[in-house]
C-alpha cells in the first residue's frame, strides 16, 4: 500500500476540494467539505480499494490522513 | 451456519400501509439547504411518511392485514398463526400480536407473538412463520411487520430524522406441497449491539428522572436517553461488508444461479450503502428496486414496501424468484430466496 495512491483515492471522494490540499499531514476534519457523509465515502473507499473495514472509532481517533493511512495499512 | 430451507410453504400475498402524512426532507430546519442537498444525493431519501400521534405500527399492520385477507378471499378463522415483527409495539406488555388477534377477529386457537427485530426482521419473520407452519401443519399464517420509528426519534437529531419513515405490512403464507422451497441464511453479531440502540426504558436501564433530559451529543444531534442512537459510520461499515456476505452465502449454499433471480430486494438503508452492496454483488441495476426516495428507511417494512410499491405490476400472474436481504439493528441479518407464484399484491393503503 502506497501513500500517494491513498491520497489520490481520498481526493477522489471529494467534489469541491483542490487535490493539492490533500497531503499526508492534512487534518481531514478541518476540510470544508468534511462531514458525516464524506466519512461514509472514506469507509466505502477503504472497503473497496483496500478491503479494510474502518470503524467510526478509527476515524474519530485520527487527525491526519496519515493516521488513517496507518490504520488501513495495519488492518490490511 | 444458519443456512436452511423450508419446503411446502407458499407466500400467497403482500399488503402494505403507510401514513398519509408526508414530510419532505427539503423542509427540515435542522439542516442547511446545502446539507439537505448533499444528504439527499447520498442517501436517496427525499420524502418520508410520518404517523400522527394516535397511529401506531399495529394500526398500520391491522389495515394491511384486513385488506390482504379481503383480497385473498380468506376466512379469518382459517388463520392459525400471527407473528408481529416490530420495535414499536403498542405497550411494553402484553405483546401487540395478542391485541391484533382480537382486533382482526382471528380465532382464539391462533398462535400469536411478537418478534422485536428491526431491519432484519422481515426475513427472520418469514423463516419463523414458515418453519412453524411446516413443523406443526398450521395451514394459514400472517406475518405483520413494520415500525413507526418516527416515535423513537429526537426531532433535533439530524443523524436520524431525515432517514426514517413509518410503514406497516402484512404477508400471507399457506401450506402448499407444490411450493418451491424457501431458503435462508440468517446471522447475528451482538458485539455491535450499541451501533443502533435506545438506552433507557428497558429492564437494564429503567426509565428514570434523567431519561428525558436532552443532551447535546454533537452539533445538530440533541436527544434524550429514550430516543434512538444511530452510529452511522459503523452501520455503514457493517452494511457494505455483511450484506454481500450473507447474499453470497445463500447463493453458494443452495447453488443459486443469480441469472435466474428476477429481483434482489434489499432493506432500504441508504442509497450509497445499497448501491455499494449491489455493486459488490455485481447485480444489474434493473434487478434492484428502491423505495427509499419516497419512504426512507421503514425498518422491517422496507422489503415488503419495496415489493408493493416498485414490483406490483411485475408480479401478477407470473412466477418469479426473489432474493430478499435485511440487515441492521442487533446487529442482525437475514437473506431469503422466495418464489412468488401468482401472488396477490394489494394496492398501497394510505391512512
Estimated FRET transfer efficiency (residue B:107, residue A:33; beta-carbon r; R0 60 Å; 0.05):
0.50
Rg and Dmax of the protein assembly as shown, Cα atoms only, in Å
21.9, 71
Quick check on chain B: of the DSSP beta bridges with both residues there, what percent are antiparallel, nearest 5%?
70 percent
In degrees, nearest ten, helix A:65-75 long axis to first principal axis of chain A (Cα)
20 degrees
Fewest-first ordering of B:164, B:327 by Cβ atoms within 10 Å yields B:164, B:327
What share of the DSSP beta bridges in the protein assembly as shown is antiparallel, in percent to the nearest 5?
70 percent
Would you work out if the stretch B:45-154 is rounded, prolate or oblate? Take a ≥ b ≥ c from the square roots of the eigenvalues of the alpha-carbon gyration tensor; rounded if a/c is under 1.5, else prolate when a/b is larger than b/c, oblate otherwise.
prolate
Could you state the orientation-averaged shadow area of the convex hull built on the Cα atoms of chain A, in nm² to one decimal?
4.3 nm²
In degrees, nearest 10, range 0 to 90: what is the angle between the Cα axis of helix B:57-72 and the longest Cα principal axis of chain B?
30 degrees
Debye calc, one equal point scatterer per Cα of chain B, no solvent, log10 I(q)/I(0) at q = 0.07, 0.08, 0.09, 0.12 1/Å comes to -0.27, -0.35, -0.45, -0.82
How large is the translational diffusion coefficient of the stretch B:1-45 in µm² per second when you combine the Kirkwood radius over alpha carbon pairs with Stokes-Einstein at 25 °C and 0.890 mPa s?
163 µm²/s
Rounded if a/c is under 1.5, else prolate if a/b is larger than b/c, else oblate: which is the stretch B:158-198, with a ≥ b ≥ c the root eigenvalues of its Cα gyration tensor?
oblate
With r defined as the distance between the Cβ atoms of residue A:21 and residue B:40 and R0 fixed at 30 Å, what FRET efficiency is calculated, to the nearest 0.05?
0.70
Would you mind computing Rg(Cα) / (2.2 N^0.38 Å) for the stretch B:133-184, counting N as its residues?
1.80
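Provide the FRET efficiency to the nearest 0.05 for the residue A:57-residue B:136 pair, computing r from the beta carbons and using R0 = 60 Å.
Numbers: r = 46 Å, r/R0 = 0.76.
For R0 = 60 Å, the calculated efficiency reads 0.85.
So between residue B:194 and residue B:54, what do we pick up on full extension, going 0.36 nm a residue minus the alpha carbon distance?
Gain on stretching residue B:194 to residue B:54: 47.4 nm.
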Kindly express, to the nearest 10 degrees and within the range 0 to 90, the angle between helix B:271-280's C-alpha long axis and the longest C-alpha principal axis of chain B.
50 degrees
Determine, for B:143, B:55, B:324, the number of other Cβ atoms within 10 Å of each Cβ, and report the residues in order from fewest to most.
B:55, B:324, B:143
Return the distance in nm (one decimal) between the two label points of a simple spin-label model at residue A:48 and residue B:248, each offset 7 Å from Cα along Cα→Cβ.
1.7 nm
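Computed from the coordinates by the stated procedures, all read-outs in this text should not be read as laboratory data. In this text, all values refer to a predicted model and were calculated from it rather than measured experimentally. All Cβ positions, glycine included, derive from the backbone under ideal geometry; neighbour counts span all protein chains shown.
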